[in-house]
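The values are calculated or read from the model by the stated rules, or taken from the named source; none is laboratory data. Computed from a predicted structure; not experimentally measured. Note that each Cβ is placed from the backbone with ideal geometry, even for glycine, and that neighbours are counted across all protein chains shown. Note: accessible area is taken over every heavy atom of the protein model, side chains too, but ligands, DNA and RNA are not part of it. Shrake-Rupley method; radii C 1.70, N 1.55, O 1.52, S 1.80 Å.
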Amino acid sequence: MIIDAHQHFWKYEPTKHSWIDDTMAVIRKDFMPAKLKKVYLENNIDGCVAVQADQTTLENDFLIDLASKNNFIKGIVGWVDFRADNINEVLEHYSKIKIIKGFRHVVQGEPDHNFLLRSNFLNGIAQLEQYNFTYDILVFPHQLGAVLEFVKKFPKINFVIDHIAKPYIKDGFYDGWANLMLAIGAQQNVYCKLSGMVTEADYKTWTSETIKPYMQLVLKAFGADRLLFGSDWPVCLVAGNYKRVKELVTDFISQLSAEDQEKILGLNAVKFYNL
């Protein structure tokens with residue numbers, strides 16, 4: 001079974017999706033399940049986890065509706081305001097909707113490097129444990145120091161680092177990111193997605209050799225038991241096609257046993273998100 005552990009849907013709106021800048025103009029259009037289903041048939045993908053692309057509860061409703069009509073959507077990572085006073089009530093509501101597996105906040109867009117460590121945010125995250133929800137960590141490398149402190153506070157909550165924490169592959173930066181990822185990987189409740197890498201490299205000139213050192217590091221840090229394949233479709237389309245993005249990962253993990261390959265390509269996602 002192959003599960004794409006990270007992809008998005010949207011009906012393109014210039015204001016809502018203002019993060020799609022001119023260099024990403026190719027994805028300034030609608031991306032809905034019918035389009036992805038065709039891609040999955042061509043690439044032998046069995047299902048996916050749909051991840052929020054807009055920080056509203058309306059986004060949750062949008063994804064829940066899509067999942068109700070498309071059974072290849074196996075789980076949803078939604079959004080809630082963890083700083084809200086009624087966060088427990090909100091999470092209790094979503095705990096009754098089984099397709100919702102966890103949540104994330106676009107921390108990479110927060111100007112405060114230590115946003116994850118704010119007391120009101122920490123209070124909200126603490127409530128995840130009782131509902132067995134997961135949390136996707138979306139950050140840039142300069143925020144990894146806060147990530148390390150953050151995950152240590154909640155050893156019983158399962159976290160996953162999105163897009164290997166977006167290292168600056170295009171610029172060749174490695175050491176600072178690598179050291180912190182090794183420390184974070186030592187926390188056994190933290191997983192990592194082999195996703196979003198091609199868009200951190202040069203869109204037009206990247207090769208597997210450019211990205212390989214970063215994949216080797218996260219394999220060392222997290223091991224085959226805590227890595228998940230994700231495409232980051234349709235964002236990945238700015239730097240390649242789905243087949244090429246999938247092959248980047250499958251070619252890299254071909255060095256591993258068949259059992260470990262199956263874990264990374266699907267079984268770990270099933271386990272992490274309880275699909």
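Quick look at the values:
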quantity: Which of GLN143, ALA269, MET215, positive extreme of dipole for the chain (C-beta unit charges); calculated: ALA269
quantity: Å² of accessible area per residue within the stretch 34-166, as computed with a 1.4 Å probe and no ligands counted; calculated: 43
quantity: Total charge dipole magnitude, the chain, about the Cα centre, Cβ charges on Lys, Arg, Asp, Glu only, Debye to nearest 20; calculated: 440
quantity: Spin-label model distance (nm) - ASN123 vs LEU58, 7 Å beyond Cα toward Cβ; calculated: 2.8
quantity: Over the chain - Rg/Rh using Cα atoms and the Kirkwood inverse-distance radius; calculated: 0.93
quantity: Paramagnetic label zone (point 7 Å from Cα along Cα-to-C-beta, ASN43; backbone N under 15 Å) in the stretch 151-182; calculated: 163
quantity: Computed [θ] at 222 nm, helices only, for the chain once each DSSP H run of length n ≥ 4 contributes -39500 (n - 2.57); calculated: -10500 deg cm²/dmol
quantity: Overall dimensions of the stretch 45-165 as given by Cα atoms, namely Rg and Dmax in Å; calculated: 14.1, 40
quantity: The stretch 17-65-the stretch 168-216 distance, computed between alpha-carbon centres (Å); calculated: 23
quantity: Distance in nm between pseudo-label sites at SER208 and ASP22 (7 Å out along the Cβ direction from Cα); calculated: 3.5
quantity: Charge sum, other residues only, whose C-beta stays under 9 Å from CYS192's C-beta, Lys/Arg counted +1 and Asp/Glu -1; calculated: +1
quantity: Cα gyration tensor, the stretch 1-102 - rounded (a/c under 1.5), prolate or oblate; calculated: oblate
quantity: Farthest positive-ward along the chain dipole, Cα basis, beta-carbon charges - from ASN179, ILE97, LEU58; calculated: ILE97
quantity: Reach of LYS152 by Cα under 18 Å, taken over aspartates and glutamates that are not fewer than 8 positions away in the same chain; calculated: GLU129, ASP136, ASP162
quantity: D (Stokes-Einstein, µm²/s), Kirkwood Cα radius, the stretch 104-149, 1.002 mPa s at 20 °C; calculated: 193
quantity: Three-way shape label, the stretch 77-126, alpha-carbon gyration tensor, a/c 1.5; calculated: oblate
quantity: Vicinal HN-Hα couplings computed from phi for the stretch 245-255 (Karplus, 6.51 cos²θ - 1.76 cosθ + 1.60; Hz; Gly/Pro x); calculated: 5, 5, 5, 4, 7, 5, 5, 5, 7, 5, 6
quantity: Portion, in percent, of the accessible area of the stretch 44-180 that falls on carbon or sulfur, probe 1.4 Å; calculated: 46
quantity: Förster radius 51 Å - calculated FRET efficiency between SER95 and SER257, Cβ distance, rounded to 0.05; calculated: 0.90
quantity: Label point at GLN130 placed 7 Å out along Cα→Cβ; residues across the stretch 156-183 whose backbone nitrogen lies under 20 Å; calculated: 156-159
quantity: Violating pairs (Cα-Cα greater than 26 angstrom) within the set LYS16/LYS37; LYS74/LYS193; LYS156/LYS271; LYS74/LYS212; LYS166/LYS271; calculated: LYS74/LYS212
